[in-house]
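Some notes on the structure that comes next.
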Amino acid sequence: MCRQGASVIQNQVLKTVPDRSVSAYVVWVPILPTDRGEPGPETLPLVTDRRATHFWDAEGHLPALFKKILGLEQKRWAWDVYLIYPPGTRWDKELPPKPVYWQHQLGGVTRAPRLEGKSFAAVLRKTLATN
């Protein structure tokens, strides 16, 4: 799923929103047994946009932090989530800032829509236009 989500972000969002002020942070996290090491030749080419920076969260700290701000249930981790922040947002506290919008690929989550590239790109454009 995360590979499919990365492709959606590359092809349906970043390619269609050329605004140079956009930054995409792609964080890979070891959640599944097959997630043995940092992203390599099979995953990095999924998001090649120059505005994207890839990170490897080897210890898997971020899913627990993001589940808190997204209001996910206690047993669910925040992975395969796609967040929009307005320009200038900074993470300067213990928890990450709350996004203005998010989508996901998590089963059973109804707090936000499932990932759909066109609608995500539309909200991103609107967020950029209002800031």
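What follows draws every value from the coordinates through simple rules; no lab data is involved. Bear in mind that the values here come from a model prediction, so they are computed numbers and not experimental data. Backbone-built Cβ (ideal geometry, glycine too); neighbour counts: all protein chains shown.
Qualifying trypsin sites (Lys or Arg not before Pro) in region 66-131, where qualification requires a DSSP coil assignment and no more than 16 other C-beta atoms within 10 Å, comprise K75, R76, R90, K93, R111. Sorted fewest first by neighbouring Cβ atoms within 10 angstrom, H104, H61 come out as H61, H104.
The calculated 222 nm mean residue ellipticity attributable to helices in the chain amounts to -6500 deg cm²/dmol, summing -39500 (n - 2.57) over DSSP H runs of n ≥ 4 and dividing by all residues.
Between the entries (i) 2, 10, 20, 24, 23, 16, 5, 1, 0; (ii) 2, 9, 17, 21, 21, 16, 8, 4, 2, 1, 0; (iii) 2, 10, 18, 19, 17, 13, 9, 6, 4, 2, 1, 0, the label attached to P(r) over Cα pairs in 5 Å bins from 0, in percent calculated for this structure is (i).
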